[in-house]
Every structure is written in structure tokens, then in C-alpha cells.
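Shown next, in C-alpha cells, is the structure this report addresses.
Readers should treat all values here as calculations from the given coordinates under stated rules, not as data from a laboratory. On a predicted model such as this, the values are computed, not experimentally measured, just so you know. Cβ atoms come from the backbone with ideal geometry, glycine included; neighbour counts cover every protein chain shown.
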Amino acid sequence: MAGRQRTRPGVWVGLFLASAGVIAALKVTDAINPTTAFLWFALSMLLLVPMIRSMKAMGPGCASNSAAAIRYTKRIGISSALYVLGLGIAITIDRKMDLTTGLGFAIAMLPVLPIFGMIWAMGRYLVEEQDEYLRHRASMASLAGLGLLLGVASFWGFLETFDIVPHAQGWWAVPIWAIGMGLSQGWMSYRDRTGASE
Amino acid sequence: MNNRLKVLRAEKSWSQADLAERLEVSRQSVNAIETGKYDPSLPLAFRIADVFGMAIEEIFLRD
């Protein structure tokens, strides 16, 4: 009997990003309130569970199936879930209470600690990945993310100095870094596929 | 750096996945080395040489 073909991890990632995009669009257009958006986004993170299962099910030799890559994805998934939870709690407390400096510092830690977790997960991946080419790719992607962050932050800073754009919050740093990493990994995967020879 | 990996692999009728399994690396690593996008470290170059029973300089060539 032929085995059932498992959905590829990229499909789950695509579904997660698509659902996040739809929720963001609904929130921005005020079609849903912030609490509903938060709950839907938290639910959409469940899509990361079948993604990890799908990665594990892929055959040996697949880049996303190294032990280090699976541990990295799990750590990022847990950190992201805690980030969403921490962010939701922090925003709710901020809206309902007048914050003292101490309490403000404490609730700022709720989303920040999971972000530290994401940065730690990236560092551990570079240490634990045994495949030197995958480690090289991750290092290059990390540098590309850093380059994008430095470029965007510097450009935005000068635009802000000249009153052309509004003030941007510092917490944008990690998402911009992650976008740079993701784009770079995507480009390198595409380059590897197009140059593949069997 | 040029290399003869693709030819040597073909002589043994190995796929990239076969060679990757013998080297305990990902198929992407084999592909990147074969196509010259990535030069392996010295330890991995020795492992490749051992798999083919050859010296490193018989597999990896100067530009």
C-alpha cells in the first residue's frame, strides 16, 4: 500500500503567514477588534505544530530535518507562542491600568523575554548544527538580517530627524532582522534549487 | 576552487542523496560543493577523499 504523502513544511509556513496577513488586514481595517485579532493570531500559531511534524517526517538528508533544525524550530515556536501571550497580556494591562514605572518595566519584560529566547535559539542553532554548509547558510542569513536592520534603522532615523516619517518603536528591530534572515534563506534555497544537479 | 565530485559520484552511480548519506551531511551540502557554491572545510574534504579512496588534491583542483 502506498504511504500517504505528507504536506510539506513550507505549506504550513505559507498557511501561517497567510492567516497572519489576513488577521493583520482585518485588524488594520477595523473589521475585527484587537482582542479578536489577538485570539485568532494565537490560534493560527497552532499551524506550527503540523509544520514541525512534517519536518520530522521528511527523509534524512533534508536541510530542514537536521536534529539542530528541528530543535531550533521547536524553540522558535515556543518563544513565538510565549511572545504572543506576553504581548497580549502586556497590552491588556496597559489599557486597563495606569502603569507605574516599576509595573511598566515588569510588563515590558513579558514580550521581551520570549524575544531573548528567539535570539538564544538562533545562537544555539549555530552552535548545534553539525552540517557545515547549513551552518554557513544560517550565518549568512543572520548577517543579511543584521544588514537589513542597520540599513533600515539608519535610513529611518535620518528620515525621522527631518520630520518625513513618524517615530518608529525600537521593538521593530527583531522583526526586521527576522525578515532579512527569512528573505536571505529563501534566496539561498532558490539558488540551491536552480543550481541543483543530480 | 574546482572539483571532480560530480564525475566521481557518477562513476559510482551514486545520487547526491547517496553521497550525502555516506558523508553524513545534507543533500544541499553535496549540491553546493559540486556546483562550486561552497568550498568544504578541511575535515569535510578529508571525509570526501576517504569516501572515494583518493587524495584531496585528486578531487579538489586549483582555479
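Numbers at a glance
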read-out: Peptides ranked, highest mean first, by Cβ atoms within 10 Å: ranges A:96-104, A:75-83; value: A:75-83, A:96-104
read-out: Mean Cα-pair separation over length for chain B, i.e. relative contact order, pairs under 8 Å, 6 or more apart, %; value: 46 percent
read-out: Extent along principal axes [Cα atoms of the range A:131-198; Å; largest to smallest]; value: 55, 21, 13
read-out: Chain A - charge dipole about Cα centre, Lys and Arg +1 at Cβ, Asp and Glu -1, debye rounded to 20; value: 800 debye
read-out: Test item: A:126-138 mean partner chain Cβ contacts at 10 Å; value: 4
read-out: 222 nm mean residue ellipticity, helices alone, for the protein assembly as shown (DSSP H n ≥ 4; -39,500 (n - 2.57); rounded to 500); value: -24000 deg cm²/dmol
